[in-house]
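What follows is a single structure, written as structure tokens, with notes after it.
Laboratory data are not the source of any read-out in this text; all were calculated from the coordinates shown. Bear in mind that the values here come from a model prediction, so they are computed numbers and not experimental data. Here Cβ is always computed from backbone atoms with ideal geometry, including for glycine, and neighbour counts include all displayed protein chains.
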Amino acid sequence: MRKQNASFSQRLFRFLVRLLPFDFRINYEGEMEGVFREQQREVEKRGGALEALRLWKETIVVIFTTAPREHWEILTSDCAYAFRMMRKNMGFTAVAVLTLALGIGANTAIFSVVHAVLLRALPYPHGEQLVFIRQQEKKLGINDMSFSVQEIQDYRGQNRTLAGLVEYHSMSFTLFGHGDPDRVRTGVVSANYFDLFGVRPLLGRAFLAEDDKPGASPVLVLSYEYWKNNFGSDPEIVGKTFEMNDKVHTVVGVLPPVPQYPDENDVYMPTSACPFRSSKRHIENRDMRMMEVFGRLKPDVSVAQASADFSTIAAALKSAYPKSYPDNVGYGSATTPLREELTREARPTLLVLLGAAAFVLLIACANVANLTLARMARRERELAVRSALGAGRSRLLRQLLTESFLMAFVGGVLGLMFAYGSLQLLTDFAARLSPRAREIHIDAGVLLFTLAAALGTSIVFGTLSALFSRANLTSSLKEGSTGAGTGRQQSRVRGALIVCQIAFSFMLLIGAGLMLRSLIKMQNVDSGIVPQRVLAMRTTFNWSKYSSDEQTTAVVKKLLDRVQREPGVLSAAISNRYPFEPELISGGPQSVSFSFQVEGRTLEPGQAPPVSTFAAVSPDYFQTLGIPLKEGRLFAETDEAKGPIVIIINEAMKRQIWPNDDPVGKRVTNDGGEHWGQIVGVVGDVREFGLEHAPVPEIYAPQAINPAPGTLIVRTIAEPRRITQALTRAIHEVDSQTAVTRVLTLEQARYESMANPRLTASLLGIFAGLALVIATAGIGGIMALNVSQRVREIGIRIALGARPLNILRMVMGQGLLLTALGVGIGIAGAIALTGLVKSLLFEVPPTDAVTFSGVGLTLLAAAGIASYLPARRAAAIDPNEALRAE
């Protein structure tokens, strides 16, 4: 294998050397061979294309640093002549450069995202050692189960493969002490969290082991963005104090501007300062799971070894604590590299977009190659005359490659400008898929990619034109024509290039069409709620003031009573979550799922229990959102924590558990029978986790039974945005320390939930539109060239009695025939690539007949329009003038 790689490296090196100016090669053959022999041993050892490119670079350095002045003058002369020819043919140059700029720009823009998100290493020391550890309940379909405090202690103490293990979870608290109450997203982390990631604070210090001990003085570390935006980059921020959770917190450090994984937090606190994580209830209960876990592998330890290590620990825990890990849930653990975890959702979409951009570049190359061949048909006599006057064949071919490279280079520069202009849009798009989006920028790797794209495209269409001109240099002078001797071979190649453009355009249009159809289907799906004139306001209470469930229930009731009295309010409710909430969309059903047991039903050994999601809501929740009651009753004010526990289920749960029975009156439990909830009603299904997700079984409990205020939901008479300020004042009248954030309508939330497929469809649509325009222009240009080259033939046909309609059909038939061939190849290619877009579609098959037929007709119509103008000009040819012109 090494010998084969070395041989490939040598062949690639010699090919690249042949692309250098001939005068340089002929005079510096010795220097090149010297460099080649010097590196021969290393090539045989390593081999490969990268080694060949490195060798070529060293050869260029040797040649160009020792080249005499006259050779530089020759190169300068070639470039000057190329610029003159480009200026002389401004129409051709402008079209070619713009076409290449669109193709290279699209690829550069998408590659900048792919490079930052998928290819670049994590911005931490030895980032390849960082791993994400998850617990799983495979039989329940839960692949990412959080950790409890006791589980973290077990995994930290028993593992043999990690140099360190840290915990993390994110919550929202209210920060006091700098203006209005500020709801801050807070990362609760182990003391050695930043040390494990290798992050050194910009100011102050990170957390110490003493900060994580029970009773330690509360401290905070600010993120760079929060420090900059909220404190004006105050250099004296370290040491200042703020109140949070009824405690005074001291700022001990500020983070540098590094990406924050897995969430963008405002501040960080140690676990001892979190009122939930540090509570006795959370510490002692193995089943109270809320944390995520990260680790750093020891040197020379693989991810597979770590996975095996944690699987052994999981098996031991399952054996030691059978109540917490019953056989029927399929408990286990999994370990994945952090880099892979952060890009898991983004990878399919970005690869599809990269493939689409590559198709655009291929279409652009084919179009420019066709334009170049057409231009060569007019330049054959010029090149033949230059050859007769003494210009060597290598000199002429080099001149053509120089012109091609200069056009591609200018196109690359323009493409880079296009890519830079679209960077913010792509960054916002990628931010919805991966937390690595903030790393996107134009760097040396992206610039190198742009240069390689320009060089590659110039070689493709430049070499093609050079090969055909080389074959016709002698014959053109003998024929004495100005383009009549183009030859059938060139015509066939131009036709093949048109077919390729159509095929690639068809595949791109199919992808865009499928995504558009999918988006339309998604927009028209019934979400299960009536989102019009509904406002959601995230409310964060000062947790320290409401330490008991009774206090929380009382303030929630007081808040709802006050909001209901506000003019313009039809109904109001409180819920711990709401449909299309951003966290709900990103977390998915797994984030709020739990297993339960149905009274009177015994599970078979190894049988997985049913799973449902959970929401705690106030009585008017269903009325406010327009969720219909199907059976039984809704919650009432009398449904309190002191009475019997009542619940409401949705139709999806009824279909799964009681398909042929009335569920009202049935009971379920999620704690082994210690507490039972009685079903009092059935409501309609809601697509809470996104329109693309089918409704899942759901259990609703009264907010009084499980008080966890999170969002105030209000249905208004008029536009809800108009009373936002009035509602905020009403909330502050009840509790002035309540932070009100993320105010949006349910229509906005519904629209934002479709952001990913909408933006993907838009980008694919842009690429497909570019491809369609380029391909259509190519067809029109080639048909016009064919007409100009067949003037004498067409004149003879007309003189012999051919009617203009026959000529029109003949020319248009050629364009439509090429298009039909391209569509046929495109259909085969699109079917072969359906697996790439299948996961991105919603209720649309990847071989959707409507989309395929619509795209085919669109291309045929575009080809017909593009061919019509040349065909009409051909039909109007005067045979007398055509014969005299020849």
Checklist entry - Once phi is turned into θ = phi - 60°, what whole-Hz ³J(HN,Hα) does the Karplus curve with 6.51, -1.76 and 1.60 give for every residue of the stretch 816-830, x standing for Gly and Pro? => result 6, 5, 4, 5, 4, 4, x, 5, x, 5, x, 4, 5, x, 5
Checklist entry - Along the three principal axes, how long is the stretch 78-212 when you take its alpha carbons, biggest first, rounded to the nearest angstrom? => result 77, 49, 32
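How do 143-156, 692-705, 732-745, 657-670 rank on mean C-beta neighbours within 10 Å, highest first?
Working: 143-156: 19.0, 692-705: 20.5, 732-745: 16.6, 657-670: 14.7.
Top of the packing list down: 692-705, 143-156, 732-745, 657-670.
State the volume of the convex hull built on the alpha-carbon positions of the stretch 237-337, expressed per residue in Å³ and rounded to an integer.
Details: hull volume 15.9 nm³, N = 101.
Cα convex hull per residue, to the nearest whole number: 157 Å³.
Starting from 0.36 nm per residue, how many nanometres of slack lie between Gln678 and His178 once their C-alpha separation is accounted for? Can you show the working numbers first?
Values: separation 500, 0.36 × 500 = 180.00 nm, distance 4.71 nm.
My answer for the length gained is 175.3 nm.
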Checklist outcome for this item: FRET efficiency (Lys247, Ala431; Cβ distance; R0 41 Å; to 0.05) is 0.80
Next on the checklist: Straight-line reach only, C-alpha to C-alpha below 23 angstrom: list the lysines that Lys228 could link to, leaving out same-chain residues fewer than 8 apart.
Outcome noted: Lys240
Checklist entry - Taking the Cα atoms of the stretch 628-706 alone, what are Rg (to one decimal) and Dmax (as a whole number) in Å? => result 12.8, 39
Checklist outcome for this item: Percent of all Cα-Cα pairs per 10 Å bin for the stretch 702-801, counting from 0 up to the last occupied bin, reads 11, 19, 17, 12, 10, 9, 8, 7, 5, 1
Checklist entry - Are there trypsin sites (Lys or Arg not before Pro) in the stretch 557-624 that DSSP puts in a loop and that have at most 11 other Cβ atoms within 10 Å, and which ones? => result Arg565, Arg601
Checklist entry - Using every alpha carbon pair in the stretch 734-793, what percent of pairs falls into each 5 Å bin from 0 up to the bin containing the largest distance? => result 4, 13, 10, 10, 9, 9, 8, 7, 6, 5, 5, 4, 3, 2, 2, 1, 1, 1, 0
Checklist outcome for this item: Short to long, in 5 Å steps from zero, the percent of alpha-carbon pairs of the stretch 105-172 per bin is 3, 11, 15, 15, 15, 15, 11, 7, 4, 2, 0
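State to the nearest 20 debye the size of the charge dipole of the stretch 513-611 about its Cα centre, where the only charges are +1 on K and R beta carbons and -1 on D and E beta carbons. Don't skip to the answer; put the middle values down first.
Working: 11 positive and 9 negative charges, 85 e Å.
Charge dipole, the stretch 513-611, about its Cα centre: 400 debye, nearest 20.
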